[in-house]
Amino acid sequence: MMVATGMKKSSMLDLLVLVIRRDLVLAMRRRADVLTTLIFFVMVVSLFPLGVGPEMNMLRKMAAGVLWVAALLSSMLSLGRLFSADYLDGTLEQMMLAPQSLSMLVLGKMAAHWMVSGLPLVLMAPVLGLQFDMPVQALGVLIIGLLLGTPVLSMVGAIGAALTLGLRGGGVLLSLLVLPLCIPVLIFGTGAVEAVSTGLSAVSHLSLLGALLVFALVFTPWVTAQALRISME
Amino acid sequence: MAINWFKYSAPTTFYGLAGKLIPWFAISSAILFVVGLYIGFAVAPADYQQGEFYRIIFIHVPSSILSMFLYLVMAGYAALGLIFNTRLSAMMATAIAPTGALFAFISLWTGALWGKPMWGAWWVWDARLTSELILLFLYLGFIALHASIDDPRRADRASALLAIVGSVNVPIIYFSVKWWNTLHQGSTIKFSGTSMHVAMQQAMFITLAACWLYAIAVVLARVRSIILERERNTTWITELPEVRS
C-alpha cells in the first residue's frame, strides 16, 4: 500500500530526477567508462598538432573545428552504452512496462548521459583550447557553444542508439546514422568561434544552437521512445 | 461504383501490376533518353560562357533533382508503412533507397567532372555539393541500418523512423550548410523566367522525365524481387509461372 500511494504522488519531475540519479550512480560505479571517453577526447585533440605541424597560426585557426569534431567523435563512442546495459539485464523492458511516460524516462537517460559524457568534455575544452593558443574571448564562445551543442549530440545520438539496440556491429553503424544528422551542430558551433575571431558577433550562431537544443528537447525523447518500442517488440 | 483504392496495396496484386507496368516505363524512359540526349548534344548550341562543358547538366541536373525528390518519396512511403502498417509501403521505401543513392552519387560525380574545367578543382566545399554529399550519407545510413537488422519487420520500422528523422533534418542541414559557405552558381531556371536557350531547356526537361521514368521502372523491378524474397513461403508465390519453371 505504501508503495502504491508513493507511486501516485510521484510527478513527472520526480521521475526525471530519479532516472538521472540512478544513471549517475551507475556511471560512478564504473568510473573507467567515463574516463575513457574523456581521455579519447584529449587524445584526438592532441593528435592534430602532431599531424599538421606545430605552427601556432594554423593551430589557432583550426582549434574550434578540431575540438568540435573530437567532441562529436567521443560522444559517439559513449552512445552505445546509453541503453545497452539496461537492455541486456532486462531493466529496459521493465521501464517500458512502467505506467510512467517512456519519453520522460528517455529524457532522464539523455540528461544523465550528457552529464557523464558531454559535460566533462565541456569542462576539459578550455585547457585544450589553451594548448592551441586560442584567445580568451574565442574560448568563452567555444565553451558556450559546447554547452548548448553537446546536449543536442546526446539527444540525437539517443535516437540512433535506440534504433541500433542489440545489433551486431552496432557501434560503427550508430556513428554512420548519427554523424550526418549532427552536422548542423558542428557548423553553428564552429561558426560562432569563427565569427568572434573575425570581429563579428557570435549571437546569431549561438541563438541557432539554442534553437536546435529546444527543438531536440521537444522531439527527440518522443522519437527515441518510439525507436525503443520498435527495437524491443 | 466504389473503387477499391487498397486493391494494389497488397503485394499479391501489386506484383502483377508492377510486372505489367515495368516495360512501359522502361521503354518510354529509353526513348526519352535518346531524344533528350540528341537535342542536348546535337541541337542545343554551345554556351557563350561555358562552351561545351555545360552539356553535363543534361545528366547532372536531373540526377540532382531526383536524388532529393526520391528521398522525400522514400520517407513518405516509410511514414505510410509506419502509420498504416502496410507491408508494401515499407518494401517500396527499401526499393527506392539504392536508386536514390545512385542518383546522389551520379550527381556528385558529374558535378566533379564539370567543376574541374569550370572552377579548376574537382571538389569545392560549397553548400550544394556538401549537402548533396550529406544526402548520400543519409541514404547509405538508411541502407546500412536496413541491412544489419535480420528481422524484416523490425528492419522496416527502424529504417522508416530513420528516414522520417532524416527528412525533418534535411532542411536544417541544407540551410546550415548554405549559411556556412556558398560559391555555387545560382539556379538559372527561376519562376520569373529563364535565361536558358529553348533547346537546352527542352533537352533538360526531357532527360529529367527520362530519369524519372527510369527510376520508376527500376524501383518497380526491385520491389518485385523484394516481394518474391519476403513472401517466398506463401502459396501464391509457388504457383507463379516464373517461379515454378
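The values are calculated or read from the model by the stated rules, or taken from the named source; none is laboratory data. Remember, it's a predicted structure, so these values are computed and weren't measured experimentally. When we count neighbours, we look across all protein chains shown, and the Cβ atoms used for this are built from the backbone with ideal geometry, even at glycine.
General remarks:
- Residue within the range A:173-188 that is in a helix (DSSP H, G or I), within 12 Å of chain B (Cβ to nearest Cβ) and over 19 Å from B:T130 (Cα atoms) present: yes
- Scanning the range B:19-30 turns up no residue that is out of contact with any helix residue (DSSP H, G or I) (no Cβ under 8 Å at 6 or more places or on another chain), modelled with pLDDT under 85 and not aliphatic (A, V, I, L, M).
- Looking at A:V116, A:V152, A:V122, just one residue is closer than 26 Å to A:T224 by Cβ and within 12 Å of another protein chain (Cβ to nearest Cβ), and that residue is A:V152.
- A:G169 meets all of the listed conditions (1) at pLDDT 85 or above; (2) within 12 Å of chain B (Cβ to nearest Cβ) but one, namely (1).
- Within the range A:124-172, considering residues that are closer than 18 Å to A:V34 by Cα and touching a Lys or Arg at 6+ places or on another chain (Cβ under 9 Å), the one surrounded by the fewest Cβ atoms within 10 Å (Cβ to Cβ): A:A158
- Looking across the range B:105-135, the residues that are aliphatic (A, V, I, L, M) and without any contact (Cβ under 8 Å) to a residue 40 or more places away in the chain come down to B:L108, B:A112, B:A121, B:L133.
- Selection status of B:L72, in contact with a helix residue (DSSP H, G or I) (Cβ under 7 Å, 6 or more places away or on another chain), more than 20 Å from B:I96 (Cβ to Cβ), at pLDDT 85 or above and not basic (K, R): no
- Test: residue in the range A:62-85 that is part of a helix (DSSP H, G or I), free of Cβ contacts under 8 Å to residues at least 12 places away in the same chain and basic (K, R): no
- The set of residues in the range B:66-95 being within 30 Å of B:D151 (Cβ to Cβ), of a type in the set (A, V, I, L, M) and touching a Phe, Trp or Tyr at 6+ places or on another chain (Cβ under 7 Å) consists of B:L70, B:L88, B:M92, B:A93.
- Residue match in the range B:101-115 (condition: in a helix (DSSP H, G or I), within 14 Å of chain A (Cβ to nearest Cβ) and either surrounded by 16 or more Cβ atoms within 10 Å (Cβ to Cβ) or at pLDDT below 90 (or both)): yes
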